[in-house]
1. Between Glu191 and Trp282, what is 0.36 nm times their sequence separation minus the Cα-Cα distance? Round to one decimal in nm.
2. Taking N as the number of residues in region 90-216, what is its alpha-carbon radius of gyration divided by 2.2 N^0.38 Å?
3. Hey, what do the phi angles of region 225-231 turn into as Karplus ³J(HN,Hα) couplings, whole Hz, using 6.51/-1.76/1.60 and θ = phi - 60°, x for Gly and Pro?
4. Return the long-range amide H neighbours of Val63 (sequence gap of 5 or more, or a different chain), with a cut-off of under 5 Å between placed amide H atoms.
5. How large is ³J(HN,Hα), in whole Hz, for each residue of region 92-104 in order, when computed from phi with the Karplus curve 6.51 cos²θ - 1.76 cosθ + 1.60 and θ = phi - 60°, using x for Gly and Pro?
6. Whose amide H sits under 5 Å from the amide H of Ala237, counting only residues 5 or more places off or on another chain, with H placed in the peptide plane?
7. Arrange the peptides 192-200, 297-305, 66-74 so that the one whose residues have, on average, the most other Cβ atoms within 10 Å appears first.
8. What list of ³J(HN,Hα) couplings, whole Hz, do you get for region 258-274 from phi and the Karplus terms 6.51, -1.76, 1.60, once you set θ to phi - 60° and write x for glycine and proline?
Amino acid sequence: MKRVTLALGVLVSLALFPAAAQGANIHYWIGAVPTEWNVVPSGRDPITGNTFLPTQTTMNTVVYKRFTRNFARPMPNRYWVGDNDGVPGPTIRAREGDTVLVHFKNMDTTFGMPHSMHFHGFRYDFRSDGAFVPGVTGVEANVPVGRTVTYRLRAVRGSAGVWPYHTHASSMHMPETRTLYGMIVIRGKNERKPVRENIVVFSEHLGFQTINGRAFIGNTPTFRSRVGERVQWNVMAIGDSHHTYHLHGHRWRFANQNIDTRNVGPAESWKFRITEDEPGTWLYHCHVDFHMDAGMVGLYQVAGRSARGSSGGFESVLAGRP
């Protein structure tokens, strides 16, 4: 009789307190693809009037490209929101609780180099680290041309924020691989999505200071929003330099104070949110003067109030938190 009572108790407990819902399994098919990349496709800096020849601004390199299931075909680029599927690579998105499976294929038939993917922010076992250690790591850290591997990543509690991913193979220091990087966006389990989301990655290419692989207004992303919309900015740096992100005409909350400028170093990343309240065409740029002069500047265009309506103001959201 005692065993029956305990069994019934367990049944009642399960009925009253059902198991928490599991996160989703999310699949990405991403290839390392050789390409020709032009850092200044317009050939011009409209602020100074300086012009450049294609031979000064174009490089043969390798980029991350996202594909449909089983690498059937390339997915379209999303350059207008800073997700270029090139430089930077496709944005990897998840929520806390999700498992992300990244199927990676080395398609580098031009240079014939091994490549990999190394991810910040997630939890994973050693085989999914993607970082080459001689005599220790397996094929996942140094994927040869034509080979496909799968990285299994867990967005555990505390993973919410924005993070980089990049190659960490034996070829990672070669000039041709310096464009193999991208951003990870992990939301809290119940975190609301913003209306707009802007991706800004500072780096250096061919002597130019770039935002998302491009230099100078007209080449760097022009972001857009409307008054009343909640906008999230995701900021990251890759390479050898430290930068200072600045957004004109706006403030956000960080470390218990209002700021409009914040430093970001190599592989460092953070986010902030604002509720847009002021129309205009605003500059965003690195506030290191010679970085801005060398191309690290773009436009943010805010139109009048949307149909949604809002009281305006700015939202106090600390970097890296919902």
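1. Numbers: separation 91, 0.36 × 91 = 32.76 nm, distance 2.78 nm.
Computed gain between Glu191 and Trp282 is 30.0 nm.
2. On the way: Rg = 15.6 Å, N = 127, 2.2 N^0.38 = 13.9 Å.
For region 90-216, the normalised Cα radius of gyration is 1.13.
3. 7, 10, 4, x, 8, 7, 10
4. Here Val33, Thr35 satisfy the definition.
5. My calculation for region 92-104 gives 9, 10, 7, 10, 3, x, 7, 10, 10, 10, 9, 8, 10 Hz in order.
6. Phe202, Ala267, Glu268
7. Details: 192-200: 18.9, 297-305: 17.1, 66-74: 13.3.
With the highest mean Cβ count within 10 Å placed first, the list reads 192-200, 297-305, 66-74.
8. 8, 9, 10, 8, 8, 6, 8, x, x, 6, 8, 8, 7, 9, 8, 10, 9
All of the numbers you see were taken from the coordinates with simple rules; none came from a lab. The model shown is predicted, which means the values in this text are computed figures rather than measured ones. Counting neighbours? That spans all protein chains shown, and the Cβs are built from the backbone with ideal geometry, glycine included.
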